[in-house]
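Working notes, beginning with the structure itself.
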Amino acid sequence: MNLPYAPSRIEAVEREVPVNKALLLGLYRQMLAIRRIEEASAKAYAQGKIGGFLHLGIGQEAVCVGAVGALRPEDYVVATYREHGHAYAKGMTARSILAELYGKKTGCSKGLGGSMHLFDAEKNFLGGYGIVGGHVPLAAGVAYKCKYLGEKRVTLCFFGDGAANIGGFFEGVALAALWKLPIVFICENNLYSMGTPLYRSLSVEDVSMKALAFGIARDRFDGEDVLRVRARLAEAVERARETCEPTLIEVRTYRFRGHSMSDPGQYRTKDEVEEWKKRDPLSIARRRLVEEADADEGELRQIELGVKAELEDAIRFADESPPADEYLPFTIKE
Amino acid sequence: MPTMNIIQAVNDALRLEMRRDPRVVILGEDVAKFGGVFRATSGLVDEFGPDRVMDTPLAEAGIIGAAIGMALYGLRPVPEIQFADFIFPAFDQIVNELAKFRYRSGGQYPAPVVIRTPYGGGIRGGHYHSQSPEALFIHTPGLKVVVPSDPYEAKGLLLSCIRQNDPVLFLEPKRIYRASKGEVPEGDYTIPLGKARVVREGTQVTVIAWGSMLHTALEGVDKAAELGISCEVIDLRTLMPFDVETMVESVKKTGRAVIVQEAPRTCGFAAELSATISERAMAWLEAPVERLCGFDTPFPYTLEHEYMPNGDRVLSTIQKTLDW
Ligand SMILES: Cc1ncc(C[n+]2csc(CCOP(=O)(O)OP(=O)(O)O)c2C)c(N)n1
Ligand SMILES: [Mg+2]
């Protein structure tokens, strides 16, 4: 006997997102600041001021800014090692982020962590994670806590297309679905897992399809327009907050730089990268501001100058701060 | 003889063995087209094709689990885990399946999987790219654990690993991946597993190390030599099963032992070596066995230079045993 297939859960539909000028100005400013933070870190890395492995989110800014923009301050964000933008969008300052990357005492994690270790308990930003997929069950646990305490807070968990292959991802989503947790899983599908393109890493390239197996809501869309990201996330966030229904979202995006600073990215053609740069989320937001919201050059210039000053201050702060100086206590001293 | 670094020597060993033995296959993240994050498998897919050099999805438990299945019926998989820090999603497969397969099947199913993975600090990699987890695996009966310290060692040891029937964790010291260079024979040669190597003969203190710490130990020993102190230096090479005899015989001669290990101190492998020396050579010891280790802290990002054992600390530990 053939058994019937389970019906698919809620699937979002595309609709026009009209420009709200004040909102878009704010989001544009955030994206711009994030891009400048990434550029400043790349430079500092080249100068040896930042060590370790540095993963930049240049090109993907609309995803973190749009998604986090759909949250309230009391909501939680759990991110990956490509998390500088997410931290900033959640309200952390350029100062505390850059100082952390520099390994300075004034960094958000006292300089003990560095690039993959941004935490801010006050801003409810629960860190970067360097072990791919390991953070997904942990995010489910945070969401459980919210439900348990009746808090009406949402947890937003970011991950990459590569992470959609590892056990931790499946186990985390399975628990969230089973326990009906107030959580949104968002896959930043930038088409590559390090040097591996999607078609060599996923048998089905639509990551949101995995939601069907867990019986949870799903959504899937292009991530270059920050307003669209924000609007679509808002639906999922509301569903999580009001009815404790998890959603699995796949957003298509692209990183303009290599996987990390040590990756020259030779597995992609120049043409491919150039093609994607035409869909730069910053240019799109700027164009929409001018064309659809009558923003004038002076207004935008003002924002750009503000960001420039903010970054100059943050870089100076990171440069001048004292280095990290704390260890966990050794149990045995030499 | 060509001069190679460790990466080239590993690549050379893999190429040689894949030509010799069609059962050898490689799998891992970005090992084929990309040639591995450190380029250790560079060019192999071009020569041997995608059925023998496989890019996998990001799924460590899948990689190791599948390698076990391949090995049960005669393939000789050499999976790569990008960094030792990322091996833990596969820890269950390694500890509960791979290590125990031959034993619990009454010898019917040997599982000759050789897991290659770069380990260790000294590259400013921070928490997730610096750990030295050897003790966790040495403490897993059924596994062999091998650590080369230079290109010659890397090629000879890796070939031995692939040709024997037990599962092996082959830890490659990434700090000296490119920095350690030396002559490596072009053709086939092997270095026996389970045999340590006396790198330098001496009379007053035995200094024991492995992997990149061998070079740190030698730095300290050179400084000691300038002060007229004569040290014998042992490269352990195989950590499990380790060469008790070479180590104990040396300590019986010198009467003192210093073990240099990068991993945190407590429950590190140095503790096991220290216990073994104490049990076997108590009557010959002139001073307690000393351990120079990393600290009991998550691997530090900013304070790495303080954490890593260095030549000066090796020297002062040597002096400590002499002053006791
Ligand atoms: C468990 C684990 N395996 C491997 C790695 C090495 N690694 C770091 S990021 C990465 C690719 C992940 O790609 P994806 O999830 O698509 O995220 P993206 O980097 O594209 O943002 C790999 C293989 C790791 N950090 N953790
Ligand atoms: Mg990706």
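Please verify whether A:Gly195 is among the small types (Gly, Ala, Ser), open to solvent by 10 Å² or more (accessible area, probe 1.4 Å) and within 14 Å of another protein chain (Cβ to nearest Cβ), treating the condition exactly as stated.
no
Which numbered condition in (1) open to solvent by 30 Å² or more (accessible area, probe 1.4 Å); (2) in contact with a helix residue (DSSP H, G or I) (Cβ under 8 Å, 6 or more places away or on another chain); (3) assigned to a loop (DSSP other than H, G, I, E, B) is the only one that B:Gly106 fails?
Failing condition for B:Gly106: (2).
Check segment A:72-90 and report whether any residue there is more than 30 Å from A:Lys147 (Cα to Cα) and either outside any loop (DSSP other than H, G, I, E, B) or open to solvent by less than 20 Å² (accessible area, probe 1.4 Å) (or both).
Among the residues of segment A:72-90, not one is more than 30 Å from A:Lys147 (Cα to Cα) and either outside any loop (DSSP other than H, G, I, E, B) or open to solvent by less than 20 Å² (accessible area, probe 1.4 Å) (or both), which makes the answer no.
Only one of these conditions is not met by A:Leu181: (1) open to solvent by less than 40 Å² (accessible area, probe 1.4 Å); (2) assigned to a strand (DSSP E or B); (3) away from ligand 1 (no atom under 13 Å from the Cβ). Which number is it?
Of everything listed in (1) open to solvent by less than 40 Å² (accessible area, probe 1.4 Å); (2) assigned to a strand (DSSP E or B); (3) away from ligand 1 (no atom under 13 Å from the Cβ), A:Leu181 misses just condition (2).
Give me the residue from segment A:237-292 that is basic (Lys, Arg) and either at positive phi or assigned to a helix (DSSP H, G or I) (or both) and, out of that set, farthest from ligand 2 (Cβ to nearest atom).
Residue satisfying both the conditions and the ranking: A:Arg241.
So, restricting to helices (runs of 4 or more DSSP H) that lie completely within segment B:243-324, which ones have at least 2 residues that are over 30 Å from A:Lys110 (Cα atoms) and either away from every other protein chain (no Cβ under 11 Å) or touching a residue at least 40 places away in the same chain (Cβ under 8 Å) (or both)?
Output list reads B:244-254, B:269-281, B:311-323.
This table checks each residue for (1) farther than 19 Å from B:Phe242 by Cα; (2) in contact (Cβ under 8 Å) with a residue 12 or more places away in the chain; (3) open to solvent by less than 10 Å² (accessible area, probe 1.4 Å).
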site	(1), (2), (3)
B:Thr117	yes, yes, yes
B:Gln131	yes, yes, no
B:Pro141	no, yes, no
B:Val146	no, yes, yes
B:Ala154	no, yes, yes
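Can you tell me which residues in segment A:159-168 are near ligand 1 (Cβ under 9 Å from one of its atoms) and either part of a helix (DSSP H, G or I) or under 9 Å from A:Val136 (Cα atoms) (or both)?
Within segment A:159-168, A:Phe159, A:Gly162, A:Ala163, A:Ala164, A:Asn165, A:Gly168 qualify.
Could you pull out the residue among B:Gly202, B:Gly194, B:Gly220, B:Gly182 that is small (Gly, Ala, Ser), over 16 Å from the mean Cα position of the chain (by Cα) and part of a loop (DSSP other than H, G, I, E, B)?
Just one listed residue meets the conditions, B:Gly202.
Among residues belonging to segment B:31-61 that are assigned to a helix (DSSP H, G or I) and either at positive phi or open to solvent by 20 Å² or more (accessible area, probe 1.4 Å) (or both), point out the one that is nearest to ligand 2 (Cβ to nearest atom).
B:Ala61
Please indicate, with yes or no, whether at least one residue in segment A:91-108 is within 12 Å of chain B (Cβ to nearest Cβ), free of Cβ contacts under 8 Å to residues at least 12 places away in the same chain and assigned to a loop (DSSP other than H, G, I, E, B).
The answer is no; no qualifying residue exists.
Mind telling me which of the residues A:Leu149, A:Leu126 ends up being under 24 Å from B:Tyr128 (Cα atoms), open to solvent by 40 Å² or more (accessible area, probe 1.4 Å) and either more than 13 Å from chain B (Cβ to nearest Cβ) or within 15 Å of the chain's Cα centre (by Cα) (or both)?
Within the list A:Leu149, A:Leu126, the selection yields A:Leu126.
Would you check which residues across segment A:184-229 are within 13 Å of ligand 1 (Cβ to nearest atom), under 17 Å from the mean Cα position of the chain (by Cα) and not aromatic (Phe, Trp, Tyr) and list them?
Hits for segment A:184-229 are A:Ile186, A:Cys187, A:Glu188, A:Asn189, A:Asn190, A:Leu191, A:Ser193, A:Met194, A:Val207, A:Gly223.
Going through segment B:212-227 one residue at a time, which ones are touching a helix residue (DSSP H, G or I) at 6+ places or on another chain (Cβ under 8 Å) and either open to solvent by less than 10 Å² (accessible area, probe 1.4 Å) or under 17 Å from B:Ile6 (Cα atoms) (or both)?
If the condition is that a residue be touching a helix residue (DSSP H, G or I) at 6+ places or on another chain (Cβ under 8 Å) and either open to solvent by less than 10 Å² (accessible area, probe 1.4 Å) or under 17 Å from B:Ile6 (Cα atoms) (or both), then B:Ser212, B:His215, B:Thr216, B:Ala217, B:Gly220, B:Val221, B:Ala224 are the ones that fit.
The values are calculated or read from the model by the stated rules, or taken from the named source; none is laboratory data. Not measured: the values here are computed from a predicted model. Methodologically, a virtual Cβ is constructed for each residue, glycine included, from the backbone with ideal geometry; neighbour enumeration extends over all protein chains shown. For the accessible areas, the whole protein counts, side chains as well, though only heavy atoms, and no ligand, DNA or RNA atoms are used. Shrake-Rupley method; radii C 1.70, N 1.55, O 1.52, S 1.80 Å.
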